[in-house]
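Note sheet for the following structure.
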Amino acid sequence: MSIRATSDQWWKNGVVYCLDVETFRDGDGDGCGDLAGLTDRIDHLVGTGVTVLWLMPFQPSPDRDDGYDITDFYAVDPRLGTLGDFVELVRTAHGRGLRVIIDLVVNHTSDQHPWFQAARADRSSRYRDWYVWADEPEADPALGEVFPGDQQGVWAYDEATEQYYLHRFYPHQPDLNVANPAVRTEIARIAGLWLELGVSGFRVDAVPFLLEMNGIEDAPTVDPHEYLFDLRQFISRRRGDAVLLGEVNLPTEEQREYFGDERGGGLDLIFNFAVMEKTWLSLARQDATPVAETLSALPSVPFDCQWASFLRNHDELTLDQLGEHEREECFAAFGPDPSMQLYGRGLRRRLPTMLANDRDRIEMAYSLLFSLPGTPVLFYGEEIGMGENLEVPDRLAVRTPMQWSSEEGGGFSTAPVDRWPAPMPGGDFGPDKVNVAAQRRDPESLLSWMERLMRRRNETPELGFGAWKVLDSGVPAVLAQRCDWEGSTVLALHNFAEEPCEVSLTLEGLDDAVALDDLLDGDRHELDGPKAEVALGRYGYRWFRVVREGVPLQP
Ligand code: NOJ
């Protein structure tokens, strides 16, 4: 298709920002973040350059997996507000040009969900087949535990009805049986409600687990991806430009099927776990080779699809796709203390603490994130460089309240800390040192720098829409990428090493190149032919647009 599709494919150019309502801002002083508090801070998000808000689950929940254990898919957790508050939030966001997507967590429910309660109360309940039961589950290597150490297998025995039920996550999260047409209808109805209330799509939780039929007796033998295509079609019928952003933590070759191979029709965006993990390995080694190789091997994605790039999210920094030695290297570099590690595969830390709060290196990492082929996804607090609180258990260490100011309660809440979801960190990362209010007033702050970066990313459609490739920079520490789109070329260079260096690049097919316009510092570098010599400082980074003879400069 040749039409200029930049506004149609809104998910390809922009910045996604993930937050948990519970920890963002407490509007009513009860110690718990809420929708009203978040609505008050929409201008902060829009002002930084965020274009899509992703809300982690906010439905009623016993909160044993921080809301990823839902008891009512059609309501708002009363601690966070009401459906009315949700609509006010969405309307306010839309008024500022901000889209809202929400988590769709339908691989499982909470064991407190009325469906599961009915299913386990009576074998003849109409909800019995909404879950996956077995008399004597067979050991199946394809059914592994997701939280090793916190789970004893994936089958739990239900004393009352004398059968086992499947739970790929915690035992209090029984898996729904998606082979059951009634469950599929219900999932469509759930998506339908939130689409009707204005969301622009969903971050789909645990997609491979949702689709898998392992363990289901008499499961149909059709390709499980077919269900994803059905769901996609339903969503498109309800709202043509709604997206599905999928959590598919698999090697990239396997992720392709979830896009719908070449043809599309599945997920529109998929988190790029492989590139994220290799980026951390490259950071640990001060060598861009691992991430360069992974980028070069990425399969192409369909026209309407896109990778979602991230460096940290709300879970542990999983390094499960790395080899054991590679993972050990990352652990040694970024989380040597066992208290920082989780499930034997990840780190429960935020980016700035892992990078020893080294501003040069932090900027390089985010500059890279924003120039990778894909749509960047930030986790709340990344824009100000928040750290984790290791006193808070497990993955929750990185989900402490947003640090708004240095006043008591960090601007998050006026309630005493013991009523909060989790305490903020102290020391160098406490709210007196790291907060929005102070950084807004300081043009040199990380927040001010991030705002400039986000603005630049949004104004550089070559990165979101272009054809890209990794260039040979001649220096192993440097990742050099080139993006071409509609006759315009952007180069992004990142030095993973502390040692400054110089790279030499050949600009193939750009014989009319006359200069490089530095998109981040505004300088212009004259060229003498289609060759560029570029100096990069300690953890240096540069984005250039190639200036061509007779083609007017863009701002
Ligand atoms: C993936 C989510 O990212 C994680 O936080 C959650 O615990 C599991 N899915 C289960 O829903």
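The values are calculated or read from the model by the stated rules, or taken from the named source; none is laboratory data. Values in this document were obtained by computation on a predicted structure and should not be read as measured data. Don't worry about glycine lacking a Cβ; one is built from the backbone with ideal geometry, like all the others, and counts go over all protein chains shown. Surface areas here come from the heavy atoms of the whole protein model, side chains and all, with no ligands, DNA or RNA. Shrake-Rupley method; radii C 1.70, N 1.55, O 1.52, S 1.80 Å.
Along the stretch 261-268, what does the Karplus equation 6.51 cos²θ - 1.76 cosθ + 1.60 (θ = phi - 60°) give for ³J(HN,Hα), rounded to whole Hz, x for Gly and Pro?
Coupling constants for the stretch 261-268: 6, 6, 7, x, x, x, 6, 8 Hz.
Can you give the FRET efficiency to the nearest 0.05 for Ala118 and Glu391, using r as the Cβ-Cβ distance and R₀ = 45 Å?
Numbers: r = 39 Å, r/R0 = 0.87.
With a Förster radius of 45 Å, E is 0.70.
Any idea what diffusion coefficient the chain gets from Stokes-Einstein, in µm²/s, Kirkwood Rh on alpha carbon pairs, 25 °C, 0.890 mPa s?
100 µm²/s
Along the positive direction of the dipole of the chain (beta-carbon charges: Lys, Arg +1; Asp, Glu -1; about the Cα centre), which of Gly509, Asn495, Ala332 reaches farthest?
Gly509
Any idea what angle helix 83-95 forms with the longest principal axis of the chain, computed on alpha-carbon atoms, 0 to 90 degrees, nearest 10?
It works out to around 20 degrees.
If R0 is 60 Å, what FRET efficiency do you get for Ala134 and Asp428 from their C-beta distance, rounded to 0.05?
The value I calculate is 0.75.
Obtain the nm distance between the two label points defined at Leu197 and Ser125 by a simple spin-label model: each point lies 7 Å from its Cα along the Cα-to-C-beta direction.
Label at Leu197, label at Ser125, 2.4 nm between them.
Using the Karplus curve 6.51 cos²θ - 1.76 cosθ + 1.60 with θ = phi - 60°, what ³J(HN,Hα) values do you get for each residue of the stretch 355-361, in whole Hz, with x for Gly and Pro?
In residue order, the calculated couplings are 9, 6, 6, 7, 4, 4, 6 Hz.
Do the sum for the chain: with -39,500 (n - 2.57) for every DSSP H run of n ≥ 4, divided by all residues, what is the mean residue ellipticity at 222 nm, to the nearest 500 deg cm²/dmol?
On the way: 17 runs with 153 residues, N = 555.
So the helix-based figure for the chain works out to -8000 deg cm²/dmol.
How far, in nm, would the chain grow between Ser405 and Ser339 when pulled straight, counting 0.36 nm per residue and subtracting the alpha carbon separation?
Numbers: separation 66, 0.36 × 66 = 23.76 nm, distance 2.83 nm.
Taking Ser405 through Ser339 to full extension adds about 20.9 nm, to one decimal.
Using amide H atoms built 1.01 Å from N in the peptide plane, name the residues 5+ places from Val106, or on other chains, whose amide H lies under 5 Å from its own.
Long-range HN contacts for Val106: Asp205.
With only Lys, Arg, Asp and Glu charged, each at its Cβ (+1 for the first two, -1 for the last two), find how big the charge dipole of the stretch 114-166 is about the Cα centre; round to the nearest 20 debye.
Charge dipole, the stretch 114-166, about its Cα centre: 320 debye, nearest 20.
Cα axis of helix 225-238 to longest principal axis of the chain: angle in degrees, 0 to 90, nearest 10?
Approximately 80 degrees, to the nearest ten.
With θ set to phi - 60°, apply the Karplus curve 6.51 cos²θ - 1.76 cosθ + 1.60 along the stretch 365-371 and write out the HN-Hα couplings as whole Hz, x wherever there is a Gly or Pro.
4, 6, 4, 5, 3, 7, 10
Which is farthest toward the positive dipole end of the stretch 114-166 among Ala142, Trp115, Trp155, measuring Cα position about the Cα centre, with Cβ charges +1 (Lys, Arg) and -1 (Asp, Glu)?
Ranked along the dipole, the leading option is Trp115.
Where nothing but the Cβ of Lys and Arg (+1) and of Asp and Glu (-1) is charged, how large is the charge dipole of the stretch 81-180 around its Cα centre, in debye to the nearest 20? Walk me through the intermediate numbers first.
Values: 8 positive and 16 negative charges, 153 e Å.
That gives a dipole near 740 debye.
Give me the 1.4 Å probe accessible area per residue for the stretch 114-166, excluding ligands and nucleic acids, in Å².
On a per-residue basis, the stretch 114-166 sits at 56 Å².
Please compute the per residue accessible area over the stretch 231-327 with all protein chains in place, 1.4 Å probe, rounded to a whole number of Å².
35 Å²
Calculate, in nm to one decimal, what Ala188 and Asp43 gain on full extension: separation in residues at 0.36 nm each, minus their alpha carbon distance.
Contour length minus Cα-Cα distance gives 49.0 nm.
Which value, in debye to the nearest 20, gives the size of the charge dipole of the chain about its Cα centre, when Lys and Arg are +1 and Asp and Glu are -1 at the Cβ?
It works out to roughly 1480 debye.
Name the long-range amide H neighbours of Leu519: under 5 Å, sequence gap of 5 or more, or other chain; modelled H, no Pro or chain starts.
Trp543, Phe544, Arg545
Remind me, what semi-axes does the stretch 198-250 give for its equivalent ellipsoid, largest first in whole Å, using sqrt of 5 times each Cα gyration tensor eigenvalue? Please list the in-between numbers first.
Numbers: eigenvalues 110, 37, 12 Å².
Semi-axes from the Cα gyration tensor: 23, 14, 8 Å.
Compute the distance in nm between two label points, each set 7 Å from the Cα along the Cα-to-Cβ direction, one at Asp523 and one at Glu549.
2.6 nm
Roughly what would the spin-label model give for Ser504 and Asp150, points 7 Å off Cα along C-beta, in nm?
5.3 nm
Could you please state how large a percent of the accessible area of the chain is carbon and sulfur, counting protein chains only and using a 1.4 Å probe?
With neighbouring chains kept in place, the figure for the chain is 47 percent.
What are the residues whose amide H is under 5 Å from the amide H of Leu53, where those residues sit 5 or more places off or on another chain and H is modelled from the backbone?
Tyr17, Arg99, Val100, Ile101
Could you give the alpha-carbon Rg of the stretch 459-548 over 2.2 N^0.38 Å, rounded to two decimals?
1.00
Work out how much length Asp512 to Arg64 would gain on full extension: take 0.36 nm times their residue separation and subtract the Cα-Cα distance, in nm to one decimal.
155.3 nm
Using a probe radius of 1.4 Å on heavy atoms only, what accessible surface per residue do you get for the stretch 400-542? Whole Å² is fine.
45 Å²
By average Cβ neighbour count within 10 Å, what is the ranking of 199-210, 255-266, 401-412, 416-427 from highest down?
Working: 199-210: 23.2, 255-266: 18.8, 401-412: 20.8, 416-427: 15.9.
So the peptides 199-210, 255-266, 401-412, 416-427, ranked by packing, come out 199-210, 401-412, 255-266, 416-427.
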